[in-house]
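Working notes, structure below.
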Amino acid sequence: MDKHPKTPPPLPTKEQVKAFIESSDTPVGKREIARAFNIRGADRIYLKKILKELVGEGSFDLGRKRELSVPGSLPGVAVLEISNLDPDGDVLATPTHWDHDSPPPTIYVEQAPSRRTAAPGKGDRILARLSKQKDGTYTARIIRHLKTATGPLLGVYTQVGEDGRVQPTDRKIKKEVVVRKENSLGANSGDVVICELLPGRQMGLPEGKITERLGAMGDSRSISLIAIHAHGLPHEFSDKAIAEAEKAQPVDLGERTDIRDWPIVTIDPADARDRDDAVWAAPDDDPANKGGWQVLVAIADVAHYVTYGSALDREARTRGNSVYFPDRVVPMLPHELSSDLCSLHDDVDRPVMAVHMWFDADGNKLRHRFMRAMIRSKASLTYTQAQNAYDGHPDEMTAPLTEGIIKPLFGAYYALKKARDRRQPLDLDLPERKIELNEDGFIKAVHKKTRFAAHMMIEEFMIQANVSAAETLIEKRRPCMFRVHEEPDREKLEGLREILADMDISFAKGQVLRTATFNNILAKAQSETDKELISSLILRSQAQAVYSPENLHHFGLHLKNYAHFTSPIRRYADLLVHRSLISALHFGKDGLRPEEEEAMSEIGEKISGLERRAMVAERQTLDRFTAVFLANQVGAVFQAKVTGVTRAGLFLTLDDSGADALAPISTLGHDFFMYDEDRHRLIGERTGVVYRLADRLAVQLREVDIVTGSTIVSIEDGNGGSAFDAKKHRRGRTTTQKKSARGGGKPGFGPKKRKRTTPKGEKRKKARK
């Protein structure tokens with residue numbers, strides 16, 4: 001027996017980790033680094049901190065798969081797109097994913113002589129093994145052709161003579177696809193189609209073959225179908241999953257806690273497609289907790305119906321979450337569950353996972369208790385109904401509920417709000433917009449969503465329930481899928497710091513980052529435009545929220561322990577948390593399985609990616625619906641806010657519709673504009689006119705493309721009269737800063753910082769070569 005147990009190896013230094021990554025021929029992720037240095041358990045947090053510092057310092061790039069590599073380098077194996085032929089006839093390619101400001105390195109494609117394999121043509125995609133040469137270029141050896149890597153391509157068909165062309169819906173694909181008559185599948189002009197690209201070595205327009213017709217572009221249903229197919233959203237359930245859903249039956253009380261006589265209600269938007277949470281509140285009758293409150297949050301018991309390894313579980317994990325479009329929802333679970341047995345309709349028995357919480361008069365949570373219960377909701381209310389009843393304007397439904405149910409809910413909320421205000425979560429004013437559809441399915445109007453106290457009440461109750469779930473699983477030492485939101489990257493805050501200096505607002509470089517810090521900065525803004533600018537920059541600096549079994553806290557909410565528990569109908573992460581609670585609290589046999597515990601990291605990465613996919617699909621669909629809404633308003637003038645500044649021009653959001661638009665740099669006036677990346681602005685070299693983030697401008701609608709959802713506008717005053725003039729905006733700046741606004745000195749536009757929108761020098765170099 002060894003009397004001297006082995007001590008764990010020491011943790012690597014930052015320099016050792018850096019050397020390991022630099023010595024690797026291919027990008028490496030956190031898992032490979034942890035394996036190399038035998039880092040386990042809680043020590044992974046130490047490793048993550050080191051990797052974050054290395055990326056922040058610019059030592060390495062963080063790739064799409066969260067792998068680290070030397071800046072500007074390519075992986076050992078990559079998907080490439082054939083881009084052109086050089087003057088010597090060599091085939092050139094570009095990486096399909098390149099996230100750097102600098103152009104990608106030159107890649108020469110080796111072509112092994114083979115009669116079986118067609119030579120790649122322009123636009124073709126290949127999987128290739130890359131090797132870096134001494135001159136910085138790369139050589140690519142083809143592993144295989146990816147004939148459908150750019151497809152199935154989605155687009156809109158137009159008849160051109162006997163043949164036709166397909167305009168891709170993806171804005172990144174600039175070329176149309178030629179479709180011969182025999183490959184058109186009888187498509188008509190305006191049809192949304194799926195097109196398979198045909199291989200070939202042509203350097204002109206690629207050819208394709210239509211494999212499916214989805215409907216006319218003029219049909220509103222086709223707009224959502226574009227997103228569904230473009231992003232590969234699973235929208236049809238397997239026969240086995242449907243059979244399981246149809247076989248599901250209501251649940252008997254059994255060993256559940258019976259709280260069907262509690263006056264529980266649901267409060268949702270008027271157009272809610274499911275009701276997966278219900279609430280109840282009452283004053284705490286404990287004399288020791290004077291002025292305190294008790295709150296119950298009941299969530300549909302999805303884990304009872306969707307068990308590990310079932311067809312329903314496999315489908316839910318594949319989807320990761322429900323996806324919401326203006327005219328439909330692509331649900332995570334079939335209708336029989338999401339809209340029926342797992343929806344907490346009033347006056348019917350429904351099984352739930354519930355948490356009973358106690359708070360003091362100042363909103364501090366004293367304790368909580370979970371239960372697997374049976375409820376019977378007393379009413380299904382909308383936010384407007386609940387708010388009107390509390391404000392003294394009840395309707396026929398809410399009148400008998402106001403005193404005993406609705407007012408206690410608000411009473412508890414206003415106590416919790418005290419604690420929330422002390423906690424100071426990040427408070428950014430980010431208005432949401434709601435699309436109202438006509439009977440024909442197209443946009444009737446676009447409204448700015450109004451937030452009542454009722455909205456914030458339900459939001460705060462759900463947050464407290466989520467915190468309770470995370471705390472219970474930590475206490476029980478059981479796996480938890482945390483909702484993680486790490487603190488902002490300090491490098492991304494440099495632009496904010498410079499802009500705040502122009503506004504005479506202090507933001508110390510080395511201070512500890514807290515949500516209160518940003519809230520205080522917003523409070524010091526002297527104008528609404530400055531506040532919107534600061535809000536935009538703070539939002540841009542924030543990390544992407546993800547799911548992870550590692551508790552790295554939630555910066556935005558200023559919470560140490562946070563998980564998603566309240567929406568298992570539409571989020572797979574919540575279902576995992578339910579299962580883990582069932583296991584931890586011995587609520588039944590349908591808890592978290594060992595196989596799931598081992599795969600929590602992989603599941604977290606997967607569902608985080610699926611969440612991002614859903615967000616992009618929803619945003620692009622809104623763009624297309626809005627483009628249809630604006631199509632007959634070309635030439636009209638709108639008020640807009642600048643939401644992005646690039647070398648190519650300004651990105652704006654139109655006030656009335658919320659549509660995203662681009663004002664190309666050519667529309668900004670007869671001037672040469674320099675791009676200040678740090679301060680997010682364009683400065684006219686001759687006029688001194690400045691366009692900056694958060695500016696409010698009048699713009700004229702010039703072009704709308706309903707296929708891609710893109711909108712082009714021009715500045716109403718082509719001389720920049722709608723923007724503020726740099727010469728009139730000198731408050732609080734030094735002489736050096738004033739010079740930088742005119743293009744000289746530093747830190748703004750000295751010779752090293754000047755960035756031209758048209759790289760004339762580069763063109764001259766190429767011409768000499």
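Please treat every number below as a calculation from the coordinates, not as lab data. From a predicted model like this one, the values you see are computed outputs, not experimental measurements. Note that we place each Cβ from the backbone using ideal geometry, even for glycine, and neighbour counts take in every protein chain shown.
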Return the FRET efficiency for the residue pair ASP286, ARG477: r is the Cβ-Cβ distance, R0 is 51 Å, and the value is rounded to the nearest 0.05.
-> 0.95
Once you sort the root eigenvalues of the Cα gyration tensor of segment 607-683 as a ≥ b ≥ c, which label holds: rounded (a/c under 1.5), prolate (a/b larger than b/c) or oblate (the other case)?
-> oblate
Estimated FRET transfer efficiency (ARG40, ASN632; beta-carbon r; R0 60 Å; 0.05) = 0.45
Would you please name the GluC sites (Glu not before Pro) within segment 603-691 that are DSSP coil residues with at most 16 other C-beta atoms within 10 Å of their C-beta?
-> GLU677, GLU685
At 0.36 nm per residue, minus the direct Cα-Cα distance, what do ALA698 and ASP395 gain on full extension? Give it in nm, one decimal, please.
-> 104.8 nm
Per the C-alpha gyration tensor (a ≥ b ≥ c, the square roots of its eigenvalues), the chain is rounded if a/c is under 1.5, else prolate if a/b beats b/c, else oblate; here it's rounded
Full-extension gain in nm, ARG369 to LYS492, via 0.36 nm per residue minus C-alpha separation | 40.2 nm
In nm, to one decimal, how far is the modelled label at THR653 from the one at LYS509, with both set 7 Å along Cα→Cβ?
-> 3.2
Roughly how many nanometres apart are two label points built 7 Å out from the Cα toward the Cβ at MET615 and LEU539?
-> 1.2
What value, in deg cm²/dmol to 500, does the helix sum -39500 (n - 2.57) over DSSP H runs of n ≥ 4 give at 222 nm once divided by the residues of the chain?
-> -8500 deg cm²/dmol
Could I have the simple spin-label model distance between ASP261 and PHE20, label points 7 Å from Cα toward Cβ, reported in nm to one decimal?
-> 6.2
On the formula 1/(1 + (r/R0)^6), with r taken between the Cβ atoms of ARG451 and THR137 and R0 of 41 Å, the FRET efficiency rounded to 0.05 is 0.15
If we sort 557-566, 576-585, 260-269 on the protection proxy, mean other Cβ atoms within 10 Å, highest first, what's the order?
-> 576-585, 557-566, 260-269
Sites matching GluC sites (Glu not before Pro) across segment 300-404 that sit in DSSP coil, with at most 16 neighbouring C-beta atoms within 10 Å | GLU396
DSSP loop chymotrypsin sites (Phe, Trp or Tyr not before Pro) in segment 448-501 with at most 16 other Cβ atoms within 10 Å of their Cβ, which ones?
-> PHE452
With a ≥ b ≥ c the root eigenvalues of the C-alpha gyration tensor of segment 153-217, is it rounded (a/c under 1.5), prolate (a/b larger than b/c) or oblate?
-> oblate
What is the helix-to-structure angle for 43-56, meaning the angle in degrees between its Cα long axis and the longest Cα principal axis of the chain, kept from 0 to 90 and rounded to the nearest 10?
-> 40
LYS290: net charge of surrounding residues, Cβ under 10 Å, Lys/Arg +1, Asp/Glu -1, itself excluded?
-> -3
